[in-house]
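Colleague: So that we are looking at the same thing, I have put the structure below in structure tokens.
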Amino acid sequence: MSSVFYRPRRLRVNQLVRDMAAETQLKLSGMIQPYFVCEGKDVKSEITSMPGIFRESPDSLVKSMAADFKLGIKRVMLFGVPNTKDAVASSAMGENAVVNHAIKMLKDKFGEDLFISADVCLCAYTDSGHCGVLEGIVIDNDKTLPLLAQMAVDLARAGCDCVAPSDMMDGRVGAIRDGLEGAGFVNTLILAYSAKYASAYYGPFREAAESAPQKGDRQSYQMDIRNRLEAVKEVTLDIEEGADMVMVKPALAYLDIISDVRAATELPVAAYNVSGEYSMVKLMVQAGYAEEKRLVLENLTAITRAGADIILTYHLRDILKHGWLNG
Ligand code: PBG
Ligand code: ZN
């Protein structure tokens, strides 16, 4: 008998064997590409901190989407970048809100072939830059709820398939579900940003969406980065209130949370591979410290291995352009 009794390396001997034995598979059907929609015509400007990601007017977005669709992008998340902001996020509401306008145009062209989700949050639309309504120096949770519900109903009316509340107000999923049911939108999905942490990784996004708070920070509503058990509590509440899918955000520094959430629910679990995670990869690649394909696939594989079924990632277009999922 040889002195080496068990040889795990047999299952690593070549690519065919490794692929056969692999525990984790990345799937395109679980990937969602985010987009930033601004007002105007024929606008397409690259976001400095996020190379390859743009702010686009609705007409330009329709053209970009046609190209992306050919690449294989069929699931998207939209964020609005309005021209005007006020105390009650008026520019987020009604059919002329920039995202609703874009959704109408996209649905006219792509119909059922494109799955459109949209962020539900006030921060890009409030003059304070906060995710809820500001009363003096506090964010008024319960005054915010009807505005979020209104925003979600207007998105559904424009043709949005899935609304994704990212504001972290208490009770928002319930308020949105009630609003949708009341307006007859019984089939609109809710993807709840359930375990959303007060993270430094959102920096580039806030440049992209012009949504940084004017004063203070988001620690009174987003989760404390030191907490793990609380994530399961947030997820449980959102499910009780009517969420169809739950999300952990950010992804890479929160793999323990993704794993816990996976174990806590049978619903699809999403993870948001956020702007700062994307920018870090781009900077490392620019500096020549890593090969982009390997870095991106390693990150997305880790998120999947932790338990995410769905990943929102700015890398999706690059992945498809270069055929990185095909080996
Ligand atoms: C809005 C929102 C944010 C992100 C998604 N929705 C920013 C924030 O909470 O400040 C972050 C996404 C990213 O960083 O890619 N509430
Ligand atoms: Zn917000």
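Colleague: Rounded to the nearest 500 deg cm²/dmol, what is the calculated helix-only ellipticity per residue at 222 nm for the chain, with -39500 (n - 2.57) per DSSP H run of length n ≥ 4?
Modeller: Numbers: 11 runs with 125 residues, N = 327.
Dividing the helical sum by the residues of the chain leaves -11500 deg cm²/dmol.
Colleague: OK, next. Assigning unit charges at the beta carbon (Lys, Arg +1; Asp, Glu -1) and nothing else, what dipole magnitude in debye, to the nearest 20, does the chain show about its Cα centre?
Modeller: 1520
Colleague: Please check which bits of segment 186-216 a label hung off Glu298 would reach, taking the label as a point 7 Å along Cα-to-C-beta and the cut-off as backbone N under 20 Å.
Modeller: Within reach of a label on Glu298, which here means backbone N under 20 Å from a point 7 Å along Cα→Cβ, segment 186-216 contributes nothing.
Colleague: Which whole number in µm²/s is D for segment 1-76 by Stokes-Einstein, with the Kirkwood Rh taken over Cα pairs at 37 °C and 0.692 mPa s?
Modeller: My calculation gives 200 µm²/s for D.
Colleague: So, one more: Rounded if a/c is under 1.5, else prolate if a/b is larger than b/c, else oblate: which is segment 158-264, with a ≥ b ≥ c the root eigenvalues of its Cα gyration tensor?
Modeller: Details: a/c = 1.90, a/b = 1.26, b/c = 1.51.
The shape class here is oblate.
Colleague: Something else about it: A 29 angstrom limit on the alpha carbon distance is what I want to check against. Which of Lys70/Lys233; Lys109/Lys321; Lys27/Lys196; Lys41/Lys70; Lys143/Lys249; Lys44/Lys107 exceed it?
Modeller: Where the Cα-Cα span goes over 29 Å, the pairs concerned are Lys70/Lys233.
Colleague: With equal scatterers on the alpha carbons only and no solvent term, can you work out the Debye log10 of I(q)/I(0) for segment 181-327 at 0.09 1/Å?
Modeller: Results for segment 181-327 at q = 0.09 Å⁻¹ read -0.32.
Colleague: Any chance you could give the angle, 0 to 90 degrees and rounded to 10, that helix 292-306 forms with the longest Cα principal axis of the chain?
Modeller: The angle comes out at about 80 degrees.
Colleague: Can you give me the relative contact order of the chain as a percent, contacts being Cα pairs under 8 Å and 6 or more apart?
Modeller: Working: 615 pairs, mean separation 55.1, N = 327.
The value is 17 percent.
Colleague: Among Arg18, Arg9, which comes first, then next, by fewest other beta-carbon atoms within 10 Å?
Modeller: Arg9, Arg18
Colleague: Please report how far the C-alpha centroid of segment 252-302 lies from that of segment 91-123, rounded to the nearest whole angstrom.
Modeller: 27
Colleague: Could you put Ile190, Ile225 in order, starting from the residue whose Cβ has the fewest other Cβ atoms within 10 Å?
Modeller: Fewest-to-most Cβ neighbours within 10 Å comes out as Ile225, Ile190.
Colleague: In whole Å, what are the extents of the chain along the principal axes defined by its C-alpha atoms, from largest to smallest?
Modeller: Principal extents (largest minus smallest coordinate, Cα): 76, 44, 39 Å.
Colleague: Next question. When ranked by the protection proxy of mean other Cβ atoms within 10 Å per residue, highest first, what sequence do the peptides 210-223, 78-91 form?
Modeller: Values: 210-223: 15.7, 78-91: 17.9.
Per-residue mean Cβ counts within 10 Å order the peptides as 78-91, 210-223.
Colleague: Separation of segment 48-86 and segment 124-171 by C-alpha centroid, Å?
Modeller: Cα centres, segment 48-86 to segment 124-171: 21 Å.
Colleague: A follow-up question, please. With N denoting the number of residues in segment 26-132, provide Rg(C-alpha) divided by 2.2 N^0.38 Å, to two decimal places.
Modeller: Normalised Cα radius of gyration, segment 26-132: 1.07.
Colleague: Still on this structure, I have one more. Test of understanding: in a Gaussian network model of the chain with alpha carbons linked when under 10 Å, which of Gly132, Gly182, Gly40 would top the mean-square fluctuation ranking?
Modeller: Of Gly132, Gly182, Gly40, the Gaussian network model singles out Gly182 as fluctuating most.
Colleague: Name the most mobile residue of Leu189, Leu16, Leu147, meaning the one with the largest mean-square fluctuation, in a Gaussian network model of the chain with Cα contacts below 10 Å.
Modeller: Residue with maximal mean-square fluctuation among Leu189, Leu16, Leu147: Leu16.
Colleague: Can you tell me the orientation of helix 172-182 relative to the chain, as the angle in degrees between its alpha-carbon axis and the longest Cα principal axis, to the nearest 10?
Modeller: Helix 172-182 sits roughly 70 degrees off the main axis of the chain.
Colleague: Using the count of nearby Cβ atoms within 10 Å as a rough guide to exposure, how do Phe36, Phe185 rank from fewest to most? Walk me through the numbers on the way to the answer.
Modeller: On the way: Phe36 22, Phe185 17.
Arranged by neighbour count, lowest to highest, Phe36, Phe185 become Phe185, Phe36.
Colleague: Against the longest alpha carbon principal axis of the chain, how many degrees, from 0 to 90 and to the nearest 10, is the axis of helix 141-158 turned?
Modeller: For 141-158 against the chain, the angle is about 80 degrees.
Colleague: List the aspartates and glutamates whose Cα sits under 16 Å from the Cα of Lys63, skipping any in the same chain fewer than 8 residues away.
Modeller: Straight-line reach from Lys63, under 16 Å: Glu39, Asp42, Glu46, Asp108, Asp113.
Colleague: Set Lys and Arg Cβ to +1 and Asp and Glu Cβ to -1, take the dipole of the chain about its Cα centre, and tell me which of Gln15, Ala87, Ala124 lies farthest positive.
Modeller: Gln15
Values in this text are rule-based calculations from the coordinates and carry no lab data. This is a predicted model, so every value here is computed, not measured. A quick note on method: Cβ atoms are made from the backbone with ideal geometry, for glycine too, and the neighbour counts reach across all protein chains shown.
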